[in-house]
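These notes are about the structure you will find just below.
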Amino acid sequence: MEIERKFLLKSLPDNLKDYPFHQIEQGYLCTDPVVRIRRQDEEYYLTYKSKGLMVREEYNLPLTKEAYEHLLPKIDSILISKKRYLIPLDCGLTIELDIFEGELAPLILAEVEFPTEKEAKAFVPPQWFGEDVTYSPNYHNSVLSQKNQSKI
């Protein structure tokens, strides 16, 4: 189960370069239901996500590099490329800050995953977070992959 909130940003943290990051590319084989392939650094996954906004099922299956490369030409949308910074919060949670590249630049989103819905609803975001877009399907990566960011 994935329980997450998603935000636009007012500004980036000053010390962003001090945090670890992953280079991610992902494409969608299907968007209803969501079936995604992802390369995160040198790891590869096939992911299924159910419908939902803040709460939804998510299953990740490992892929080999060869399987990923075989599936890559079969995606039905743009290939999303982004740099994901991992920023720890004092409460033990982690901000996943995505800086989109290519066709979706200059979009930047922050996501925070939670162990429970109660904690997600009680979350008070940092001051540098902007609009809460958790309940807007327009900011799901599967939707973003279908159109240019300027159309949002």
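The values are calculated or read from the model by the stated rules, or taken from the named source; none is laboratory data. What you are looking at is a predicted structure, and each value in this text was computed from that prediction instead of being measured. Note that we place each Cβ from the backbone using ideal geometry, even for glycine, and neighbour counts take in every protein chain shown. Note: areas computed on protein heavy atoms with side chains; ligands, DNA, RNA excluded. Shrake-Rupley method; radii C 1.70, N 1.55, O 1.52, S 1.80 Å.
Could you report the accessible area of residue 81 in Å², rounded to 10, computed with a 1.4 Å probe on the protein chains as they sit in the structure?
40 Å²
Can you send over the carbon and sulfur percentage of the accessible area for the chain, probe radius 1.4 Å, protein chains only?
It is 53 percent, rounded to a whole number.
FRET efficiency for residue 2 and residue 91, Cβ-Cβ distance as r, R0 = 22 Å, nearest 0.05?
About 0.75, to the nearest 0.05.
In what sequence, largest accessible area first, do 22, 140 appear using a 1.4 Å probe?
On the way: 22 50, 140 20 Å².
Heavy-atom accessible area, descending, gives 22, 140.
At 0.36 nm per residue, minus the direct Cα-Cα distance, what do residue 101 and residue 119 gain on full extension? Give it in nm, one decimal, please.
Gain in length upon complete extension: 3.4 nm.
Using 1/(1 + (r/R0)^6) with R0 = 30 angstrom and r between the beta carbons of residue 69 and residue 147, what's the FRET efficiency to the nearest 0.05? It would help to have the intermediate numbers written out before the result.
Numbers: r = 25 Å, r/R0 = 0.85.
Working from the Cβ atoms, E equals 0.75.
Kindly report the accessible area of the chain per residue (heavy atoms of protein chains, probe 1.4 Å, no ligands, DNA or RNA), in Å².
Details: 8210 Å² over 152 residues.
I get 54 Å² per residue for this part.
Within the chain, what's the longest stretch lacking GluC sites (Glu not before Pro) that sit in DSSP loops with no more than 15 other Cβ atoms inside 10 Å?
Counting only loop sites that pass the neighbour cut-off, the longest clear stretch is 58-152.
Total Lys pairs in the range 1-139 closer than 18 Å by alpha-carbon, pairs eight or more apart in sequence or interchain only?
Lysine pairs meeting the criterion: 9.
Which value at 222 nm does the chain reach when only helices count, each DSSP H run of 4 or more adding -39,500 (n - 2.57), with the total divided by all residues and rounded to the nearest 500 deg cm²/dmol?
Values: 3 runs with 17 residues, N = 152.
Value at 222 nm, helices only, nearest 500: -2500 deg cm²/dmol.
Leaving ligands, DNA and RNA out of it, work out the accessible area of residue 63 with a 1.4 Å probe and give it in Å² to the nearest 10.
So the heavy atoms of residue 63 present about 40 Å² to solvent.
Give the ranking of 94, 134 by solvent-accessible surface, highest area first, calculated with a 1.4 Å probe.
Most to least solvent-accessible, the answer reads 94, 134.
Loop-only check: which trypsin sites (Lys or Arg not before Pro) in the range 12-114 are DSSP coil with at most 14 other Cβ within 10 angstrom? Can you show the working numbers first?
Working: sites: 17, 36, 38, 39, 49, 51, 56, 65, 74, 82, 83, 84; in loops: 51.
Counting only loop positions with at most 14 other Cβ atoms within 10 Å, the trypsin sites (Lys or Arg not before Pro) in the range 12-114 are 51.
Give me the number: length gained by fully extending residue 53 to residue 19, i.e. 0.36 nm times residue separation minus the C-alpha to C-alpha distance, one decimal in nm. Mind dumping the intermediate values first?
Details: separation 34, 0.36 × 34 = 12.24 nm, distance 2.75 nm.
Extra length available between residue 53 and residue 19 comes to 9.5 nm.
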